[in-house]
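The values are calculated or read from the model by the stated rules, or taken from the named source; none is laboratory data. Everything numeric here is computed off the predicted structure, so don't read it as measured data. Counting neighbours? That spans all protein chains shown, and the Cβs are built from the backbone with ideal geometry, glycine included. In case anyone asks, the SASA skips ligands and DNA or RNA and just uses the protein heavy atoms, side chains included. Shrake-Rupley method; radii C 1.70, N 1.55, O 1.52, S 1.80 Å.
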Amino acid sequence: MLRWLIGGGREPQGLAEKSPLQTIGEEQTQNPYTELLVLKAHHDIVRFLVQLDEYRFASAGDDGIVVVWNAQTGEKLLELNGHTQKITALITFPSSEACEEKNQLILTASADRTVILWDCDTGRQVQKVSCFQSTVKCLIVLQRLDVWLSGGNDLCVWNQKLDLLCKTSHLSDTGISALIEIPKNCVVAAVGKELIIFRLVAPTEESLEWDILEIKRLLDHQDNILSLVNVNDVSFVTGSHVGEMIIWDILDWTVQACECNFWDPSPQLDTQQEIKLCQKPNDISIHHFTWDEENVFAAVGKGLYVYNLQLKRVIACQKSAHDSNVLHIAKLPNRQLISCSEDGSVRIWELREKQQLAAEPVPTGFFNMWGFGRVNKQASQPVKKQQENAPPCSLELIGDLIGHSSSVERHDVKKERIASKNGLNHHYL
């Protein structure tokens with residue numbers, strides 16, 4: 001199957017020899033996703049999928065339309081029209097406690113500099129905010145404080161009635177690319193190559209107004225931050241355009257660990273030479289993270305890497321998991337992982353422990369008495385060192401979901417089905 005990149009075909013490879021792409025036969029006995037249903041409704045690239053409940057999910061993208069789907073049958077339930085340009089953010093929104101009807105709500109932001117609150121049960125546009133000075137690129141709900149935040153060239157705090165409570169000054173022309181919530185009423189905003197810690201100050205008897213304060217700027221990244229996610233109760237992780245992954249303490253915001261050698265987990269190689277020969281900047285960009293209790297899974301260029309939080313090292317990798325950049329990954333049960341790429345492919349992987357190599361045999365017999373057959377210890381040292389540095393696990397391809405004809409931006413995993421998206425269509429498996 002010929003896979004094409006957005007923008008027209010494949011780019012030429014670097015000087016180094018391309019790593020072989022793993023393939024799998026037609027049987028795919030370990031792949032549970034065998035049925036394909038194409039969902040057609042959008043007229044441009046679909047960039048967002050969000051699960052609404054057990055029976056519905058919503059999609060949105062560059063055509064400015066939100067579509068609500070039946071997750072069981074693939075039937076289009078509602079089409080929400082209100083934006084005039086592409087949608088840049090989509091999140092679910094909690095119903096107000098004062099409201100008797102507990103309908104499913106979503107918030108959408110658009111390049112038309114508006115944010116709309118939608119009722120996904122009726123398709124009604126509940127409210128629209130049009131006072132933004134820049135495009136809102138990210139949205140986050142802080143349920144504990146009963147507020148939500150919008151990130152663009154500034155950071156704004158809103159209540160559930162969509163009243164503006166407070167905002168920061170202008171932060172950057174590039175804007176906030178990602179937001180996460182951390183303890184102590186704080187949020188982390190990714191702005192270019194900086195992380196900015198903000199603290200929300202709720203009204204008190206002394207001050208009846210909300211406020212948002214800049215607490216600290218973290219300047220450890222050397223290039224723009226592309227990925228920012230919470231990993232667990234004690235850590236969050238960031239990834240940059242030049243392949244830097246930093247794990248941060250969620251309470252004091254110090255660096256817990258840093259990994260910058262994803263293109264080769266072995267410390268033996270000269271990393272500068274490796275970059276010059278094999279890598280282009282887009283080959284090592286960290287596009288997305290997912291995680292479990294033990295590991296962080298990173299989509300780095302065309303590859304997939306598994307970083308163990310306890311060992312603080314890469315324990316498995318597939319340097320060429322796809323023909324082009326991996327854009328999104330998600331965890332499946334049973335140590336499995338699903339990835340999607342610009343090349344239009346969706347692939348399923350399983351994390352397996354490598355079998356330990358057999359112990360070095362001890363020569364016996366007459367010739368051994370005189371030194372014949374003895375292992376050269378000096379010659380065996382590099383091999384032993386290489387075995388010690390080798391990742392202890394592997395990512396094995398167990399499924400190849402063929403159906404898209406162009407870049408797959410994201411997928412949503414729900415029980416025994418996967419909804420993935422590319423240019424104009426959904427593929428529901």
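The shape of segment 136-230 comes out prolate: with a ≥ b ≥ c from the C-alpha gyration tensor, a/c is at least 1.5 and a/b beats b/c.
Kindly identify segment 47-90 as rounded, prolate or oblate by the Cα gyration tensor criterion: order the square roots of the eigenvalues as a ≥ b ≥ c, call it rounded if a/c is under 1.5, otherwise compare a/b with b/c, prolate if a/b is larger, else oblate. Note, shape of segment 47-90 comes out prolate. Under the shape rule built on the C-alpha gyration tensor, where the axes satisfy a ≥ b ≥ c, segment 90-190 is oblate, since a/c reaches at least 1.5 while a/b does not exceed b/c. Average 1/r across all pairs of distinct alpha carbons in segment 19-129, invert it, and you get the Kirkwood radius: 15.7 Å. The mean sequence separation of alpha-carbon pairs under 8 Å and at least six residues apart, normalised by the residue count of segment 160-242, gives a relative contact order of 23 percent. Accessible surface computed residue by residue for segment 103-210, with neighbouring protein chains in place and a 1.4 Å probe, gives 43 Å² per residue.
With all protein chains in place and a 1.4 Å probe, the accessible surface of segment 19-129 carries 45 percent carbon and sulfur. Centroid-to-centroid, using Cα positions, segment 293-345 and segment 107-150 are 31 Å apart.
Take every DSSP beta bridge whose two residues both sit in segment 151-260; close to 100 percent of them are antiparallel. Judged by the mean number of other Cβ atoms found within 10 Å, the most tightly packed of the peptides 202-213, 289-300 leads the ranking 289-300, 202-213.
Among the listed pairs K86/K193; K40/K354; K137/K331, a Cα-Cα separation exceeding 31 Å is found for K40/K354.
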